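> First, the structure itself, so that you have it in front of you.
The values are calculated or read from the model by the stated rules, or taken from the named source; none is laboratory data. Computed from a prediction, not measured in an experiment: that's the story for all the values here. FYI the Cβ positions are ideal-geometry reconstructions off the backbone, even for glycines, and counts take in every protein chain you see. Accessible surface is based on the protein model in full, side chains and every heavy atom, while ligands, DNA and RNA are left aside. Shrake-Rupley method; radii C 1.70, N 1.55, O 1.52, S 1.80 Å.
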Amino acid sequence: MNRRDFTKTTLVAGAAVASTGVRVLAADSPRRIRTGVIGCGSVSNSYLPALTKSPYVEVVSLCDIRYERAQKQGTKFNVAKTYPHIDAMLAGEPFDFLIDLTDMQVHEGINRKGLEAGKHVWSEKPIANSLAAGQKLLELARKKNLRLWGAPITVQSPQFAFMAQTLAKGTLGRVAAAHAFYGHEGPTWSAFFYEKGGGSMPDLAVYNFTSLTGLLGPAKYVSAMVNIVTPERTVGDKGRIKVTEEDNAMVLMDHGNGAISHVQSGFNYFNPHGHSGRDESRHTIQFTGNAGYMGLVGYDWEPLGVDLATHKNPKLERHATDAKGYVWQQGGALAAECLSTGKELLATPEHALHVLEIITAARESSATGRRITLKSTFKWPLVG
Ligand SMILES: NC(=O)c1ccc[n+]([C@@H]2O[C@H](COP(=O)([O-])OP(=O)(O)OC[C@H]3O[C@@H](n4cnc5c(N)ncnc54)[C@H](O)[C@@H]3O)[C@@H](O)[C@H]2O)c1
């Protein structure tokens, strides 16, 4: 990925400069943000190529409690400083931006340590283990004039922009319903995906929750059923384990404006393409209104186009097939671009925390049989 690809992706010019204290430089001399990456497992293989190619990033240190992983990625991506513990990393080579790619359960503590040490933070999902804890982290960031962001970045894609604009124009008429799905047979490498604080919702449904709330507005109410379909699994790091967090979820969201949406997601889904999104040709997000239908081709994290049919043009027509440089792996690199240039991401921490509340509300709804009223919200619409 080169600089042109980065600037083609949907970033908006922002007034973030004063609030972050980051200097804006001329576009042809970007400031490289000194970056430390913690967590050198599977997803680091997707992040590090994007980070090391970005003109806005200088990866200066890597950390993993399985130290050999940090060393291996250090050699592969030419990063001199590697550490076996966050405390050593924070006390070592100076940097400004922490990218957290660790297990879901430890994000909250690591993100807090990063902010307390004066680092801007990009976190893989989720930012924290609860809405309240996530809001405290955001408060801490604001108090210290730092930025905090969380994956995913599905709202940055050109296909998201096309769908948002189509809905805003009223092309589908009154939108009544939306349905989204994402699943595969589950990660095979690490136990944390199946343990308390993990689960298929923060790993997979999180993408659909982000897209649907980004397109239809913040959810007001959540009703859900979640369960465990496969009670035991064999995984690379721990062998045979008991599954103690949901691996199957059906979640309804009422967006308070007439639209009710549904997300179906889990770790027990036959998928001939495995973890790859490139060959997915189904409509994984569908919108139905009284004047039209819209279907996202492929997954929202790797979208391939948008099909649209209306009363006027009832035959499905494909739009927005150009990714324009968008790839799901570039969240940390885009955040660094924001720190360097003062541009803003459409992906906000408030939105990520709203999605986190949807996840915890879905679990509560399933456990109690009640519809849950949500407390959090975020600035919407995202695309004008
Ligand atoms: N693997 C993917 O394709 C993928 C894609 C998108 C998002 N994610 C997300 O990325 C995160 C990591 O997933 P993964 O698949 O890379 O898992 P992984 O198990 O492969 O890697 C996690 C790494 O974090 C390290 N780690 C754990 N606790 C640590 C700590 N306290 N300090 C330092 N290092 C620590 C582990 O040793 C491990 O190497 C998760 O939030 C996951 O949902 C993964």
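> Gaussian network model of the chain, Cα springs within a sub-10 Å range: biggest mean-square fluctuation belongs to which of 108, 93, 246?
Taking springs between Cα atoms under 10 Å, the residue moving most is 93.
> Give the ranking of 317, 245 by solvent-accessible surface, highest area first, calculated with a 1.4 Å probe.
Working: 317 95, 245 20 Å².
Reading off the accessible areas and sorting them downward yields 317, 245.
> On a 22 Å Cα-Cα criterion, which of the cross-link pairs 53/379; 53/343; 169/312 come out too long?
53/379
> Here is a follow-up. Leaving out ligands and nucleic acids, note down the accessible area per residue over the chain with a 1.4 angstrom probe, in whole Å².
With the other protein chains kept in place, the chain gives 42 Å² per residue.
> Quantify, in whole percent, the carbon and sulfur part of the accessible surface of the chain (1.4 Å probe; protein heavy atoms only).
On the way: 8480 of 15990 Å².
The computed percentage sits at 53.
> In addition: Restricting to Cα pairs below 8 Å that are 6+ residues apart, what does the relative contact order work out to for region 123-274? Please round to a whole percent.
That works out to 28 percent.
> Using a 10 angstrom cutoff on alpha carbons, build the Gaussian network for the chain and name the most mobile of 265, 46, 54.
Greatest mean-square fluctuation among the candidates belongs to 46.
> Still on this structure, I have one more. Which net charge results when you count Lys and Arg as +1 and Asp and Glu as -1 among the other residues whose beta-carbon is under 14 Å from that of residue 297?
Summing Lys/Arg as +1 and Asp/Glu as -1 gives -4.
> For residue 139, what accessible area in Å² do you get when you roll a 1.4 Å probe over the heavy atoms of the protein chains, rounding to the nearest 10?
So the heavy atoms of residue 139 present about 120 Å² to solvent.
> Compute the distance in nm between two label points, each set 7 Å from the Cα along the Cα-to-Cβ direction, one at residue 174 and one at residue 379.
3.1 nm
> Among 323, 333, 180, which one shows the biggest mean-square fluctuation in a GNM of the chain, springs joining Cα atoms closer than 10 Å?
Residue with maximal mean-square fluctuation among 323, 333, 180: 323.
> For the chain, what does -39500 (n - 2.57) per DSSP helix run (n ≥ 4), summed and divided by total residues, give at 222 nm, in deg cm²/dmol to the nearest 500?
Working: 11 runs with 115 residues, N = 384.
The helix contribution divided over the chain gives -9000 deg cm²/dmol.
> With a cap of 15 neighbouring Cβ atoms within 10 Å, and only residues DSSP puts in a loop, list the chymotrypsin sites (Phe, Trp or Tyr not before Pro) found in region 160-245.
189
> Can you pull the accessible area of residue 68 for me, 1.4 Å probe, Å² to the nearest 10?
100 Å²
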